[in-house]
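Inspection log for the structure reproduced underneath, given as structure tokens.
The values are calculated or read from the model by the stated rules, or taken from the named source; none is laboratory data. If you're wondering where the values come from, they're calculated on a predicted model, not measured in any experiment. Here the Cβ is made from the backbone with ideal geometry for all residues, glycine too, and neighbour counts use every protein chain on show. Only protein heavy atoms, including side chains, enter the accessible area calculation; ligands, DNA and RNA are left aside. Shrake-Rupley method; radii C 1.70, N 1.55, O 1.52, S 1.80 Å.
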Amino acid sequence: MSLQVVTANRLDDGLVVFLASDGSWSENINDARIADGKEAADALLAEASAPELDIVIVGPYLIDVEQQGADIVPTKYREVLRTKGPSVREDLGYQAV
């Protein structure tokens, strides 16, 4: 099984966020808590799916990632795009900052 992290969208602004090691939600995938194995991934998703988080995030799910040096990198192109922001208008999203 591959390494996985939990991603979702933050409700107040719609940005992509990742479940961090301290239990908060971070816009930076490198802050994400990594699950190695099915049991760890299931526990991570269960934590992210707690009912009290329904007012903070929407649609939490697991994505496959790879560790590349100090960076965490999604393995699927869709998730790479989600971490970078819109690809059509570079004046919007994460790349505009």
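Annotation: of all residues in segment 11-21 being open to solvent by less than 50 Å² (accessible area, probe 1.4 Å) and at pLDDT 90 or above, the one that is nearest to ARG78 (Cα to Cα) is VAL16.
So that you can scan it fast, the table gives a plain yes or no per residue for (1) touching a residue at least 24 places away in the same chain (Cβ under 8 Å); (2) exposed (fewer than 14 other Cβ atoms within 10 Å of the Cβ); (3) at positive phi:
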{"site": "GLY23", "(1), (2), (3)": "yes, yes, yes"}
{"site": "ALA35", "(1), (2), (3)": "yes, no, no"}
{"site": "GLU47", "(1), (2), (3)": "yes, no, no"}
{"site": "GLY59", "(1), (2), (3)": "yes, yes, yes"}
{"site": "ASP64", "(1), (2), (3)": "yes, no, no"}
{"site": "GLN68", "(1), (2), (3)": "no, yes, no"}
{"site": "ASP71", "(1), (2), (3)": "yes, yes, no"}
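Restricted to strands (runs of 3 or more DSSP E) entirely inside segment 1-88, those with at least 3 residues that are among the polar types (S, T, N, Q) and within 12 Å of the chain's Cα centre (by Cα) are 3-10. In segment 73-87, which residues are over 13 Å from ILE29 (Cα atoms) and surrounded by 13 or more Cβ atoms within 10 Å (Cβ to Cβ)? Answer for segment 73-87, where residues must be over 13 Å from ILE29 (Cα atoms) and surrounded by 13 or more Cβ atoms within 10 Å (Cβ to Cβ): just PRO86.
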